[in-house]
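Working notes, beginning with the structure itself.
The values are calculated or read from the model by the stated rules, or taken from the named source; none is laboratory data. None of the values given here were measured: they were computed from a predicted structure. We place every Cβ from the backbone using ideal geometry, glycine too, and count neighbours over all the protein chains shown.
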Amino acid sequence: MSFGQVIALLSFVLSMGTIALTYWVGTSQGTAALCNPFIDGCTDITHTGMKGDAGFIFRGGMIAATAFFSVWWYIMRRWMQDYNNRIALGLMQLFGTLAAIGLLVGTAVLVPEKDATRWGVHVRGANLFFQGMLIALTMNYVMLFRARKQGLVVPSFLAKSVVMAILWFMFVAFAGVTVGIDMSHGKRIIEWWATLFIGLYFITAWWDWKKIRLAVN
């Protein structure tokens with residue numbers, strides 16, 4: 001397995017795995033509502049990882065995942081640098097990295113006591129993650145579309161196309177993916193699905209980066 005594949009795999013496993021483990025622990029300990037959140041929307045992702053052991057798992061896992069997200073965007077830029085404008089690539093990486101920082105900050109301020117959580121910071125950080133990531137992923141998809149015409153082999157392009165179509169459908173149909181303190185039933189459902197598909201976009205790079213070896217120029 002190449003270095004690039006390891007980063008793609010860990011970006012997915014650390015983020016999606018942390019959320020799944022957090023929800024299992026939270027429902028087992030009675031600190032999170034039990035349902036199928038992708039359908040029922042009985043809780044949002046934030047409230048699965050605030051109290052008890054689930055809170056420690058959520059904060060540790062998601063903060064670690066943000067580091068791998070940042071490395072993922074660095075590798076993506078390096079992989080595409082011979083096929084796209086450097087300024088556009090830099091902006092893509094910037095939005096992706098800012099999104100990761102938003103998630104880091106929004107997660108770091110969560111504490112078990114709801115009244116002690118800095119909700120303004122959390123909400124802004126979480127929304128920066130979703131909006132910044134959507135911009136970065138869209139730029140990435142468009143540039144990959146163009147790069148394929150110049151000879152870049154992208155084995156996962158069909159999978160990326162499906163993921164982007166679904167993300168944009170959710171964004172348009174539900175007026176964006178926004179996080180708030182008290183979210184509606186529909187918004188909670190969209191948050192779960194949007195998070196899953198962002199994670200799936202990260203893991204698609206596993207098929208693209210089989211030979212990724214980073215070198216210092």
- Give region 43-91 a look and list any residue that's of a type in the set (Lys, Arg) and assigned to a helix (DSSP H, G or I), or say none. Arg59, Arg77, Arg78, Arg86
- Message: Out of Gly106, Gly96, I need the residue that is at pLDDT 95 or above, under 18 Å from Thr195 (Cβ atoms) and buried (at least 18 other Cβ atoms within 10 Å of the Cβ). Which one?
- Response: Gly96
- Task: Quick one: which residue in Gly176, Gly120, Gly199 is more than 19 Å from Ser15 (Cα to Cα) and at pLDDT 80 or above?
- Result: Gly120
- Message: Cβ-Cβ distance below 8 Å, separation of 6 or more or different chains: which pairs start in region 129-141 with a residue that is within 16 Å of Ala205 (Cα to Cα) and end on one that is surrounded by 20 or more Cβ atoms within 10 Å (Cβ to Cβ) and among the charged types (D, E, K, R)?
- Response: Tyr141/Lys160
